[in-house]
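Read through the structure below, which is laid out as structure tokens, and then see the notes.
FYI, it's all coordinate maths here, none of it is from the lab. These figures come from a predicted structure and were not determined experimentally. Don't worry about glycine lacking a Cβ; one is built from the backbone with ideal geometry, like all the others, and counts go over all protein chains shown.
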Amino acid sequence: MILSLNHVSGGYLTRKIIRDISFDIHTGEIIGLVGLNGAGKSTTLRHMIGTLKPMGGEVTINEQDWYIHREKIAVIPDKPHLYPNLTVNEHFEFIKRIYQIDKDDYLNALIDRYSLRTHMNKYPYALSKGTQQKVSIISAMISNPTFLVIDEPFMGLDPRGLKYFMEDLVRLKIEGVGIILSTHMLNIAERLCDRVIVLHEGDQKFYHDRPYLTAEHMKDVTLEDIFFSIIEEKR
């Protein structure tokens, strides 16, 4: 399947934040979305998941309105959105019921992998930000997504959680999930992503794949070099 943004422009009320954004996400690949604060990354993702309606252009899955396939998209937001009256265990049970899935072995493996076993009966207020983020990550992963939309997920994760999460993204990609990852961490984007998009001041300034980034003529150029050359052009 292919999730496509086709010349999408949009923002909030009458304020346009992004302009003429176009790219595809295929199943089985990781796309990196990078840019400064205010570049339009989160706004782009919100148009992809339907919390914002485009002012122009469209978001499609297999050339159909994304709404038809909305259940195929899972989201890991930059700030975990957990239900205050549900324990960690109840969050996972809720996800399982909503998506009618039976993944107890997989879920239990993730709970142990992300060191959540001692937190299962706690409510969100009693969890650190990093632990809340782990709950959000696992909730998305057990929902059988075809596409995974991730917004700045690394803040708050401890080094082991960060390592495991990056490994799990690669595993999900191999299993056929299409992933878009918004991040400020250029080294992670360069390491994980098959293609990279640079947004700057609401415009799409760069969109290339790994073969381009690793080509002979680019051997001494890093994604950081490319990124700063782009943003410095408009100073």
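How would you rank 1-8, 62-69, highest first, on the average number of other Cβ atoms within 10 Å across their residues?
1-8, 62-69
For the chain, count the residues as N, evaluate 2.2 N^0.38 Å, and divide the Cα radius of gyration by that value, please.
Ratio of Rg to 2.2 N^0.38 Å for the chain: 1.03.
Compute the FRET efficiency between HIS69 and GLU175 as 1/(1 + (r/R0)^6), taking r as their Cβ-Cβ distance and R0 = 25 Å, and round to the nearest 0.05.
Computed FRET efficiency for HIS69 and GLU175: 0.85.
Considering only the other residues whose Cβ falls under 12 Å of the Cβ of SER128, what net charge follows from Lys and Arg at +1 and Asp and Glu at -1?
+2
Kindly flag which residue pairs out of LYS96/LYS129; LYS53/LYS163; LYS96/LYS205; LYS79/LYS122; LYS41/LYS163; LYS129/LYS163 have an alpha-carbon separation exceeding 28 Å in this structure.
In this structure, LYS53/LYS163; LYS96/LYS205 exceed 28 Å between Cα atoms.
Count neighbours as other Cβ atoms within 10 Å of each site's Cβ, and list the GluC sites (Glu not before Pro) in the range 132-199 that are DSSP loop with at most 16 such neighbours.
Of the GluC sites (Glu not before Pro), the ones in loops of the range 132-199 whose Cβ has at most 16 other Cβ atoms within 10 Å are GLU175.
Distance between the C-alpha centers of the range 127-162 and the range 18-38? Whole Å please.
Result: 19 Å between the Cα centres.
For labels at ASN144 and GLU201 in the simple 7 Å Cα→Cβ model, what's the distance in nm?
Label-label distance for ASN144 and GLU201, simple model: 4.7 nm.
At R0 = 22 Å, how high is the FRET efficiency between ARG97 and ARG117 if r is their beta carbon distance? Nearest 0.05 is fine.
My answer for the efficiency is 0.55.
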